[in-house]
Amino acid sequence: MSFAFESWEETKSKSFKILVSKTRKKEIFNEIGYHILESGKIIDKDSGKELVGADNKGINLEESPNLALILGSHNFVRNIAEYSDLLVKNGDLKFISEKNSLSKD
Amino acid sequence: MDHSFLIPSDIDKSIETTKNLLNLIPYIKKWWKGVFEKNKDKIIKPEDQENLKKILPQLGKESSKPKDQQHPIVREFLNKYDILLGNDDIYRIAPKNFINEEIIPILKSYKEKEANQSIDIVNFTEGEAYSNYEKEPKKIPEILSNLEITKFSHEFQSLLGLSSHVTFLMWNGKRDQANRIKWSIKERYGEEGLRFCNCYSIGYVTTYLKSIQGMDEKKIEEKLWQLAKMPLFFTSSLMAKDKIKEITNQITDSLNGKDSYIAIHSLGKASDFAKQITDEIIKLDLDKDYLDLRIDRKVQRSFSKEKIREYNYIWYNDKGKSFHDLFKSLWIS
């Protein structure tokens, strides 16, 4: 297996995740237009409004250690279950029959 | 050297792994330069990819400490580099200024317009979980795949996907990952959502579906939710002692309240807890009207790699016999 590294232009064309600590997450959120209050609430600097999740409840970084920012549409999800909801909403959650998957294996 | 952030048995190996990461720095610098020169170079060898994967949870734990309490090696690493995980499953280490200068402008532009390409920001320990969940198609039993799944509510489709993924992870020995997802199911869908996921993992959902074939998807969704309301109990290997006591009391209450079908189920290491609970209840000698069934065996699912211990204990009375008959194929083959 080779891990020859491509240029940034090639990397940029892929989807990827930035794996970060909580502190770094705050720094990046801040850089891209969100202000994190001491309480953990996230404020959109442009609109001044508090960010809410799909359930219309405020998102708190302190209370949601697994919070992720899914870019492409600036969606925040608190955990994998909410991420799953987002995938369904976008038509990106794919089901296959176990039988078919076994025959492929 | 302060090793306090690691449990003793992991110290030497993990520090060595971290050192390996730092040994990559010359290559990282080369790549950083190469980004602009379009230079191709090996950046992270396969063995280092594995090392990186192993140390991510520790990096996560250590990074949550105040900076002056972080291990010096980890602090140095976190001060200088960010880690990227591509959808090709390859980890890349990038200098901080690379993220600041190259990636942040892209992220900012996404705020203005939708983009096809996705750059997600996730924490260390969940990165792989998010990635795998997105990538891997959810394998479901044929009887379920024959239904028009898109006719289920969005929430139910999502819960089915999560339950399928958890089941696959559980039966393939990835219980830590499975438990983390189960935790998020509980946060999002509450106790009933978690109970549904457990019912799915044990096989109740598929078996029950056979009895309600021909109904429309809305009705099926309603019926399947009813499974999550039944006195079915599940143990986890992470359970605290008070939770064991709580389940013991709940089962005792169900038996005294004459629920018609009561069961406790477990997989792998959690089987010891389930056995402990049932042994306690048997000692109470509660009611002779219940028939009971203990199944302690090693089983293998069609999609799993190895046999896993499965411990089940079922109580049913006359009223619950039809229910038992429906599900007995799960225990008696």
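Here are some notes:
- Residue ID - farthest from B:SER254 (Cα to Cα), chosen from residues in the range B:192-241 that are basic (Lys, Arg) and part of a helix (DSSP H, G or I): B:LYS218
- Residue check, B:LEU162 crowded, with 19+ Cβ neighbours inside 10 Å and more than 8 Å from chain A (Cβ to nearest Cβ): no
- Selection within the range A:46-93 - in contact with a His (Cβ under 8 Å, 6 or more places away or on another chain) and farther than 18 Å from B:LYS186 by Cα: A:VAL88, A:LYS89
- Counted residues, the range B:64-115 - those being of a type in the set (A, V, I, L, M, F, W, C), touching a Phe, Trp or Tyr at 6+ places or on another chain (Cβ under 8 Å) and within 7 Å of chain A (Cβ to nearest Cβ): 4
Residue by residue, here is whether (1) on the phi < 0 side of the Ramachandran plot; (2) in contact (Cβ under 8 Å) with a residue 40 or more places away in the chain; (3) of a type outside the set (Asp, Glu) holds:
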| site | (1), (2), (3) |
| --- | --- |
| B:TYR81 | yes, yes, yes |
| B:LEU84 | yes, no, yes |
| B:PRO95 | yes, yes, yes |
| B:GLU101 | yes, no, no |
| B:ILE104 | yes, no, yes |
| B:TYR110 | yes, no, yes |
| B:ILE119 | yes, no, yes |
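- Checked against the criteria, B:GLU217 does not count as farther than 18 Å from B:ALA274 by Cβ, surrounded by fewer than 20 Cβ atoms within 10 Å (Cβ to Cβ) and modelled with pLDDT of 95 or more.
- Odd one out for B:THR252, checked against (1) within 20 Å of B:PHE327 (Cα to Cα); (2) free of Cβ contacts under 8 Å to residues at least 40 places away in the same chain: (1)
- So B:GLU134, is it part of a helix (DSSP H, G or I), surrounded by fewer than 20 Cβ atoms within 10 Å (Cβ to Cβ) and at the interface with another protein chain (Cβ under 8 Å from one of its Cβ atoms): no
- Unique residue being of a type in the set (S, T, N, Q) and surrounded by fewer than 19 Cβ atoms within 10 Å (Cβ to Cβ) when the list is B:SER266, B:SER322: B:SER322
- The set of residues in the range B:270-294 being charged (D, E, K, R) and not in a helix (DSSP H, G or I) consists of B:ASP285, B:ASP287, B:LYS288, B:ASP289, B:ASP292, B:ARG294.
- Any chance B:ILE140 is of a type in the set (A, V, I, L, M, F, W, C), over 14 Å from the mean Cα position of the chain (by Cα) and either buried (at least 21 other Cβ atoms within 10 Å of the Cβ) or facing chain A (nearest Cβ under 7 Å) (or both): yes
- Residue within the range B:138-160 that is of a type outside the set (Ser, Thr, Tyr), free of Cβ contacts under 8 Å to residues at least 40 places away in the same chain and more than 19 Å from B:LYS223 (Cα to Cα) present: yes
- Members of the range B:106-127 found to be within 19 Å of B:ASP88 (Cα to Cα) and of a type in the set (Asp, Glu), listed by number: B:ASP120, B:GLU126
- Residue among B:ILE93, B:ILE103 that alone is over 22 Å from the mean Cα position of the chain (by Cα), in a strand (DSSP E or B) and crowded, with 17+ Cβ neighbours inside 10 Å: B:ILE93
The values are calculated or read from the model by the stated rules, or taken from the named source; none is laboratory data. These numbers were taken from a predicted model, which means no experiment stands behind them. Cβ: placed from backbone, ideal geometry, glycine included. Neighbour counts: every protein chain shown.
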